[in-house]
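One structure below.
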Amino acid sequence: MSIPDPRTVARLSVVGPGRVGRAAALAFTAAGYAVSGPSGRGEPVAEADAVLLCVPDREIGAVAAALRGRGALLGHTSGATPLAGSGVDFGLHPLRSFAGAEGADAFAGVGCAVAGVSPQALRTAEELARAVGGTPFEVADDQRAGYHAAASIASNFLVTLEAAAERVAAASGLPADFRAHLAPLVRGTVENWAAHGPRAALTGPIARGDEETVHRQREAVAARAPELLALFDELSDRTRALVRSEETPA
Ligand SMILES: NC(=O)c1ccc[n+]([C@@H]2O[C@H](COP(=O)([O-])OP(=O)(O)OC[C@H]3O[C@@H](n4cnc5c(N)ncnc54)[C@H](OP(=O)(O)O)[C@@H]3O)[C@@H](O)[C@H]2O)c1
């Protein structure tokens, strides 16, 4: 059995009493850290070994500048903000969405993008991620924009697609609560994709090569939700390419 490294952080200050900051304070307290905060605008930030900034991305630079030189390692929780130029020493981005009511287990089983300006700072980010049950993976500054784009495609654009599906259903006269019938379909598909990859998870007329059915679907979209036709065509093409591809993404 491996013996975990001793912690390098005992006292942690959390700044920003928003969705992430509140959950982080609960999670790190439950993990045994001496947590101060989350402190809001104009409130003092307690002396600590590390300070975790859970403030909006646009505020990170100013908050980091105000806390610099106090001896604590500074970290942010932003997915989009590179370390270079941000004024912080490490990044710890939980790859999940926080709505505001999360509890102490908010980071359990969650992938956490970590980065550090030094090996010590990176080690601190990894230590903090693991302490709250997260799984750290390193994302360097030059990978960050692509990493964040992938996360947005996977999560944000999925919601956009479901909104488009609801729009076509409503325009076709299906009941207002049709979302309840789409949801199990979406959940099952996401589970199949997660377990088996995109090629194996793909079903439906394009996967079967049934272009007649695809044509009828396209006519329905053109007639009932024409503003979605370009999206339908682009996604149909991407789906045909997926069917043709020999390999699934690694
Ligand atoms: N929400 C998510 O799903 C999610 C997921 C992963 C990572 N993140 C990242 O986590 C960070 C925080 O996001 P969030 O969603 O928790 O934002 P949020 O809910 O808007 O909370 C931000 C908090 O920071 C406070 N704040 C702003 N400026 C401050 C300052 N100068 N000093 C102290 N507190 C200040 C805000 O207070 P006011 O109300 O007074 O402005 C607010 O309480 C961001 O970098 C975000 O990209 C968010």
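Nothing in this text is a laboratory measurement; each read-out follows from the coordinates by a stated rule. Not measured: the values here are computed from a predicted model. Using ideal geometry, Cβ is built from the backbone for each residue, glycine included, and neighbour counts are taken over all protein chains shown.
General observations
- Two-site FRET efficiency, D233 against A108, from Cβ-Cβ distance with R₀ of 51 Å, rounded to 0.05: 0.80
- Proportion of all alpha-carbon pairs of the chain beyond 33 Å (%): 36 percent
- Cα-centred dipole magnitude for the chain, charges only on beta-carbon of K, R (+1) and D, E (-1), debye, nearest 20: 380 debye
- Ratio Rg/Rh, restricted to segment 144-244 and using Cα atoms, in which Rh is the Kirkwood radius: 0.97
- Note on segment 1-126: dipole from Cβ charges, positive end direction compared against G61, S118, G21; the farthest Cα belongs to G61.
- Cα-centre dipole for segment 144-244 with unit charges at Cβ (Lys and Arg positive, Asp and Glu negative), debye to 20: 280 debye
- Summing charges over all other residues whose Cβ lies under 14 Å from the Cβ of A84, with Lys and Arg as +1 and Asp and Glu as -1, gives -2.
- Counting Lys and Arg as +1 and Asp and Glu as -1 over every other residue whose Cβ lies under 13 Å from the Cβ of G21, the net charge comes to 0.
- For the chain, the longest principal axis of the alpha carbon atoms and the long axis of helix 229-244 meet at an angle near 90°.
- For the chain, the longest principal axis of the Cα atoms and the long axis of helix 141-171 meet at an angle of about 40 degrees.
- About its Cα centre, segment 27-88 has a charge dipole of approximately 100 debye under the convention of +1 per Lys or Arg Cβ and -1 per Asp or Glu Cβ, with nothing else charged.
- Förster radius 45 Å - calculated FRET efficiency between R123 and E166 (Cβ-Cβ, nearest 0.05): 0.50
- For a paramagnetic label modelled on A140 (point 7 Å from Cα along Cα→Cβ), amide N atoms under 17 Å away belong, within segment 95-116, to 113-116.
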